[in-house]
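Taking it in order: structure first as structure tokens, then the write-up.
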Amino acid sequence: MATNGLEKTTGMEGDMDLQFLLQGGDLLKVRSSKWKKTRYFKLQEDCKTMWQESKKFFKSNQTFSLDDISAVRMGRQSDGLRKSTDEQVEGRCFSIIFKGRRKNLDLIASSDEEAKQWVNSLQKLVSNMNNLSLQHRTEHWIFSCLRKADKNKDNKMSHSEIKDFLHLINMDVDDLYAEMLFEDCDKSKSGYLSGEEIEHFYDLLTHREEIDVIYGEYAKTTGFMSPENLVDFLMKEQREKASLADAHKIIEKFEPDENAKAKKLLSKDGFIMYMHKPEAMILNTDHKELYQDMSQPLNHYFISSSHNTYLMEDQLKGPSSTEAYVRALLKGCRCVELDCWDGSDDEPVIYHGYTLTSKILFKDAIKAIKEYAFKTSDYPVILSLENHCSVEQQEVMARHMSSILGSALITSPLGDGMPTNFPSPEELKGKFLIKGKRLNKLEASFASEAAEADDEDVTEEEESNEEDEDEEMEKEESKKKKQKMAKELSDMVIYCKSVHFHGFEEARKNQSFYEMSSFKEGKAMKLAEESANAYVRHNVEKLSRIYPAGIRTDSSNYSPVPLWNAGCQLVALNFQTNCPDMDVNQGRFLVNGKSGYILKPAYMRDVGTEFDPITLTRGDWLKHKTLHVMIISAQQLPKVNNKKSSIVDPLVKVEVFGVPADVDEKKTSAIENNGIFPFKHHTQTLVLHLFCTLSRGIFSEF
């Protein structure tokens with residue numbers, strides 16, 4: 001329970017960076033140009049919690065967990081530091097970026113060297129914690145809980161402290177069982193546990209009986225798994241295509257005992273280490289990397305897309321931030337939105353018009369997008385412009401994008417002559433595409449006498465298809481019969497020209513391939529339900545973008561699945577909101593190297609397709625499959641709330657998302673009062689039924 005024991009569980013025992021954080025120091029906390037106050041920061045002895053203390057007047061203490069940190073960034077990269085500090089302190093500034101909607105922590109050190117030390121130390125520890133195996137995470141968590149339960153910090157555990165500890169780890173046991181555990185470990189009969197007795201108590205808690213059973217079935221070589229035994233396990237239990245070469249690699253990588261490794265054997269400890277690693281996840285490891293054909297036209301892919309990307313919270317009064325673009329891009333988003341309005345000093349700004357959301361400079365957003373666009377994926381990023389600016393500030397927008405994005409910005413079609421189809425994601429790697437209004441047809445650029453004069457207005461009818469979520473915005477826009485547009489900005493729109501949707505037949509006859517429409521969630525859902533096959537065919541040739549209904553002022557989301565079923569490529573969600581719909585979206589784009597592009601099934605790329613996700617009239621898609629999911633084990637489940645007395649009654653729910661015929665849900669019975677190892681003696685099997693190849697295709701990822 002001593003700090004040294006917790007250091008061991010981090011794998012950084014004696015590390016100088018860890019010692020620096022444990023010692024701590026003063027930093028200047030920045031909230032605004034007028035609010036800058038000294039706070040003392042240090043890492044607590046659990047090696048997982050940062051503590052800050054106010055030293056003046058009324059002392060106050062606050063903490064945050066390293067698990068909540070998304071990134072630590074050197075310099076004046078945050079909106080707050082750029083607005084509240086001068087360039088002279090650039091080298092002393094750094095920001096701690098949190099997951100979710102928590103605000104950044106902007107800090108200034110006393111010197112450039114000290115700032116680098118803080119940043120390097122925090123980055124190192126956060127990276128180390130993120131890379132710990134599940135086994136080491138469990139050990140660290142349990143040691144932390146043991147330390148919390150040790151009220152008098154004497155490195156001994158009384159009977160009452162053991163009871164408190166069991167509550168902390170989310171396990172409710174009756175007094176008789178707790179007494180039995182205590183007596184079994186109290187070898188000295190002293191009335192408390194210490195030293196090796198606590199280690200024995202830990203071993204009892206972490207013993208994985210279900211792992212013993214599985215390992216025992218396949219460890220046929222004098223109590224060890226041979227490569228042949230391991231292949232047998234991988235093929236029968238994991239349903240993987242495995243060879244002896246694969247088994248040798250696993251033994252070489254995960255076996256901790258050098259003697260066993262030399263004999264090409266896998267011990268139980270090695271087996272447990274393997275089972276705790278990503279290699280043993282249900283996700284098909286081959287599909288974690290890029291595996292799909294990326295040479296198809298752009299419109300043949302589902303594309304990870306964000307709505308009102310600049311917002312950190314709600315749609316009415318929450319903050320706008322360049323950090324929101326950074327987070328979305330790092331999650332693999334490939335289509336971000338910029339709502340552009342006239343700002344002061346001839347600088348366009350981004351915010352949600354006619355609301356109390358804060359504003360950020362357009363150029364700052366473009367700079368952030370440029371820096372983070374291709375850190376997660378090399379494939380193209382679409383900048384979806386909702387343009388409310390005057391012609392003069394549109395010209396400024398064009399200049400900023402040209403100067404900041406440079407040659408990465410697509411400003412003319414690839415190849416020679418007028419294109420007849422989209423380029424592929426592969427051809428567009430590292431490039432930016434602009435989605436927005438255009439003064440004329442792209443073909444006019446190739447005509448010998450390109451007309452310009454009467455094309456310099458964008459009519460209200462065309463504008464009405466853009467995101468008209470606010471009634472006030474609609475009233476204001478209705479006052480303008482025509483909205484002027486800068487030619488410099490118009491000419492940057494090549495493959496994603498926004499046009500109004502007048503119906504599938506009109507689009508088929510009169511729309512060029514690069515002309516695309518945006519649909520409100522409600523209208524899109526109705527089309528996907530009532531005209532599903534027509535929508536699928538439309539999306540074989542054109543791009544469609546869907547955005548949330550205006551009533552979602554809380555930044556809630558809708559299910560993207562019905563729109564994917566209809567072949568819609570750009571189904572935009574509020575990336576700042578963690579919810580089941582966002583989980584489904586992130587799960588869909590988890591594969592294919594997190595590229596943000598998923599190739600649509602062949603029958604959703606065929607212009608003559610008869611596929612209809614609602615009726616499923618053809619038998620080719622109606623092949624019944626049964627999915628069996630056996631729930632063997634779970635551990636270290638979180639409390640529903642932070643109350644000490646709270647104990648969960650966990651269950652496992654498995655859902656199938658897909659065409660209506662395949663939507664299914666099964667769940668296990670609840671295990672009462674046990675969040676640490678709830679299924680230890682309660683193995684359960686769930687059976688789900690699949691009918692359509694579209695949904696079954698999802699399970700090829702597993």
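The values are calculated or read from the model by the stated rules, or taken from the named source; none is laboratory data. It should be emphasised that the depicted structure is a prediction, and the values quoted were computed from it without experimental measurement. In this analysis, Cβ positions are derived from the backbone assuming ideal geometry, glycine residues included, and neighbour counts consider all displayed protein chains. Surface areas here come from the heavy atoms of the whole protein model, side chains and all, with no ligands, DNA or RNA. Shrake-Rupley method; radii C 1.70, N 1.55, O 1.52, S 1.80 Å.
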Legend entry - Filter on 429/509; 99/151; 277/429; 29/116; 623/667 - keep pairs with C-alpha separation over 21 Å: 429/509; 99/151; 277/429; 623/667
Inset, instruction - Mind pulling the per residue volume of the convex hull built on the Cα atoms of the stretch 16-131? Å³ is fine. - result: 102
Legend entry - In Hz, Karplus ³J(HN,Hα) per residue of the stretch 524-529 (6.51, -1.76, 1.60; θ = phi - 60°; x = Gly, Pro): 5, 4, 5, 4, 5, 8
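Where only protein heavy atoms count, and the probe is 1.4 Å, what is the accessible area per residue for the stretch 209-281 in Å²?
On the way: 4150 Å² over 73 residues.
With all protein chains present, the stretch 209-281 gives 57 Å² per residue.
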Legend entry - Solvent exposure of the stretch 16-131 as accessible area per residue, Å², 1.4 Å probe: 52
Inset, instruction - Go through the stretch 566-571 residue by residue and turn each phi into a ³J(HN,Hα) via Karplus (6.51, -1.76, 1.60, θ = phi - 60°); whole Hz please, and just put x for glycine and proline. - result: 8, x, 5, 7, 9, 9
Inset, instruction - Using label points projected 7 Å from each Cα along Cα→Cβ, tell me how many nm separate residue 220 and residue 248, to one decimal. - result: 2.1
Legend entry - In order through the stretch 344-351: 3J(HN,Hα) via Karplus (6.51 cos²θ - 1.76 cosθ + 1.60), integer Hz, x for Gly, Pro: 6, 6, 6, 10, x, 10, 10, 6
Inset, instruction - Whenever you get a sec, compute what percent of the accessible area on the stretch 209-281 sits on carbon and sulfur atoms (1.4 Å probe). - result: 54
Legend entry - Other-chain or far-sequence residues with amide H under 5 Å of residue 664's (modelled H): 656
Legend entry - Computed label-point distance, nm, for sites residue 286 and residue 420 using a 7 Å Cα→Cβ extension: 3.6
Inset, instruction - Just name one of 69, 38, 119: the one whose Cα is farthest towards the positive end of the charge dipole of the stretch 16-131 (beta-carbon charges, Lys/Arg +1, Asp/Glu -1). - result: 38
Legend entry - Normalised contact order of the stretch 16-131, rounded percent, pairs of Cα under 8 Å and 6 or more residues apart: 25
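Ignoring any ligand, DNA or RNA, what whole percent of the accessible area of the stretch 516-611 comes from carbon and sulfur when the probe is 1.4 angstrom?
52
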Inset, instruction - State which entries of 37/331; 236/666; 331/497 exceed 30 angstrom in Cα-Cα distance in the structure shown. - result: 37/331
Inset, instruction - Normalising by the residue count of the stretch 209-281, find the relative contact order in percent from Cα pairs under 8 Å and 6+ residues apart. - result: 27
Inset, instruction - Measure off, as a whole percent, the carbon and sulfur share of the 1.4 Å-probe accessible area of the stretch 16-131, all protein chains present. - result: 45
